[in-house]
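Asks: Got a structure here, written out as structure tokens. Questions coming.
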Amino acid sequence: MATSKEIRNRIGSVQNTKKITRTMELVSTAKAKKAVDKVVASRPYADKIKELILSLAAQGEVSDHPLLRRHAHIRKVLVVVVTANRGLCGGYNTNILRAAVARIEAYKKEGVEVVTHAIGKKAISYFNFQKISFAASFTNVDDKMTFADAQKFAENYMESFALETVDKIDIIYTKYFSAATQKPIVETVLPVEIPEGEKRQHAAGEPLGRRPFLFEPDPQTILQSLLPKAITMNIYQSLLDAVASEQIARRIAMKSATDAASDMIKSLTLQYNRIRQAKITQEIAEIVGGAAAIQ
């Protein structure tokens, strides 16, 4: 059984840990607020440009754009895995890596060659440990990431796809839905996917959705200019979602750790008081026994 001194030292240690987790919780809360604000602010633009791209891409005369090219037989796929640079964020990294491994294995079973890019130190260390080869690694995706960083990713990926170095590009990241819901998803970046419903509507001469567009000067010219911007925005939005989800996951994990530390302190304090009370009772009994023996 632990002595009162040992329990007192342990209480002090848990209290110090609680201060650290509480501080990390507050920092993550502030970072999560900023990251979520960026996600919310960028979504209207991302949604509108996606709507325009789908309308343009459904036009028969522009469907042969290099970034819209679809291969009947996929030979080579680039899988981009987005994780965090740090841990202490619950199952955030584990869930992403599990989804990535499942996706890679599914492609390999179909006989598709997979090229992997690891974003985040956790993905890099995991792939190294599991001896999973990856072609490139990046550690500059965090709460300080800018649109220029996403643009560099997008330019490299668009070039690889246009030159037919790869037939398809997937990005695996944690999508932010709300403060209570963030889920790892697999999203195809290239080629740009056009819903079959919109293709059929255009082929039948029906308006695309409820807002038909008139294009000036012509769909081909607009698409040539707009499509790279849309793909860059899509990648930027994915990275913003990942950063926001990471900070929320870390805030939740640190709050759980802080609450657990509080419960542990209560339990240890109760145990310490019981030992102290037992020692006081024993001392009183010894004093009373000694007094009785003298008499």
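What follows is calculated from the coordinates using simple rules that are stated; it is not laboratory data. Keep in mind the model is a prediction, meaning the values are calculated, not measured. Cβ atoms come from the backbone with ideal geometry, glycine included; neighbour counts cover every protein chain shown.
Asks: Which order results if GLU51, GLU110 are arranged by neighbouring Cβ count within 10 Å, fewest first?
Replies: Arranged by neighbour count, lowest to highest, GLU51, GLU110 become GLU110, GLU51.
Asks: Rank ASP142, ASP263, ASP167 by mean-square fluctuation in a GNM of the chain with C-alpha springs under 10 angstrom and give only the top-ranked residue.
Replies: Among ASP142, ASP263, ASP167, the largest mean-square fluctuation in the Gaussian network model of the chain belongs to ASP263.
Asks: Answer rounded, prolate or oblate for region 26-251, using the Cα gyration tensor with square roots of eigenvalues a ≥ b ≥ c: rounded when a/c is under 1.5, else prolate when a/b is larger than b/c, else oblate.
Replies: Details: a/c = 2.13, a/b = 1.40, b/c = 1.52.
Note, shape of region 26-251 comes out oblate.
Asks: Same structure, new question: I want the antiparallel fraction of DSSP beta bridges within the chain, as a percent rounded to 5.
Replies: Details: 9 of 24 bridges.
Percentage antiparallel, nearest 5: 40.
Asks: What does the charge count near TYR173 come to, summing +1 for each Lys or Arg and -1 for each Asp or Glu among other residues with Cβ under 11 Å from its Cβ?
Replies: Here the count lands on -2.
Asks: List, in the order given, every pair from LYS19/LYS266; LYS5/LYS255; LYS109/LYS183; LYS31/LYS255; LYS144/LYS175; LYS19/LYS175 whose Cα-Cα distance in the structure shown is over 23 Å. Write out the running numbers ahead of the final one.
Replies: Numbers: LYS19/LYS266 15 Å; LYS5/LYS255 29 Å; LYS109/LYS183 25 Å; LYS31/LYS255 15 Å; LYS144/LYS175 18 Å; LYS19/LYS175 30 Å.
Beyond 23 Å: LYS5/LYS255; LYS109/LYS183; LYS19/LYS175.
Asks: Just to confirm my numbers, what's the Cα centroid distance between region 67-142 and region 216-280 in Å?
Replies: Their Cα centres are 20 Å away from one another.
Asks: Shifting gears a bit: Among LYS255, LYS131, LYS168, which one shows the highest mean-square fluctuation when the chain is modelled as a Gaussian network with alpha-carbon springs under 10 Å?
Replies: Evaluated over the chain, the most mobile residue of the options is LYS131.
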